[in-house]
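Participant: Would you mind keeping the following structure in view while I ask a few things?
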Amino acid sequence: MVVGLDGFGENVALALVERGHQVLGVDRNPTIVQHLSDNLQDVVALDASDHEGLLALGIEAFDTAIVAIGGDLAQAMLVTLTLKDLGVRRVVCEAQSERDRRVLMRVGADEVVTPDIESARVVADLLTGQARQDTGWRFADHLVARWSPRHFSGPLGQLMTGYSPELLVLLLAGRHLIYNPGPEAVVMPGDQLLVAGPEAAIHALTGGG
């Protein structure tokens with residue numbers, strides 16, 4: 001279950017669907033829900049702090065909920081409290097600052113990620129060359145790593161064919177800086193990629209550089 005489908009929440013929900021997971025998307029903005037209705041099989045317009053509304057959705061079927069409304073701390077707190085009251089085992093929240101992360105942990109979040117902060121650090125390290133080739137940044141049970149396939153030239157899709165399908169390329173830094181590059185993006189020797197995925201898959205990728 002993903003609560004909040006604008007930006008980070010949308011990307012997480014779609015990535016989970018691509019990996020074969022059942023996802024219930026929830027957002028209180030009907031326009032956002034309509035926008036995603038073609039890509040998410042189960043998506044509803046609902047205020048996720050509505051206890052009765054969540055019960056009607058069958059919230060008990062979901063072990064994990066992602067609260068991706070880091071831009072509204074008060075709402076994120078309410079939703080987190082509601083989800084925990086309803087027995088959701090694992091609630092992962094998005095926060096936009098270290099202070100917000102601490103607050104969300106205090107009200108019951110099991111994990112809190114700060115994608116804006118961590119992504120900024122990763123990109124800064126990547127662009128300034130201060131990160132080691134095998135440096136990894138942890139997000140819950142996944143890693144984000146910098147990788148440079150030194151001897152490859154061709155489409156990104158072809159490059160990634162030999163690696164785990166759970167890997168997601170977030171950034172391609174070559175002649176241009178490309179966020180969320182598609183499989184047709186051209187990779188040249190010396191280009192650098194920012195790749196996210198399960199820890200074992202990341203280690204297999206960077207170990208094979």
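The values are calculated or read from the model by the stated rules, or taken from the named source; none is laboratory data. Computed from a prediction, not measured in an experiment: that's the story for all the values here. Cβ sites come from the backbone with ideal geometry, for glycine too, and all protein chains shown count toward neighbours.
Participant: Just checking, does the range 103-110 include any residue being closer than 23 Å to residue 171 by Cβ, of a type in the set (Val, Ile, Thr) and at pLDDT 90 or above?
Facilitator: The answer is no; no qualifying residue exists.
Participant: Would you say residue 52 is assigned by TED's automatic domain parsing to the domain that holds residue 72, under 21 Å from residue 81 (Cβ atoms) and surrounded by fewer than 16 Cβ atoms within 10 Å (Cβ to Cβ)?
Facilitator: yes
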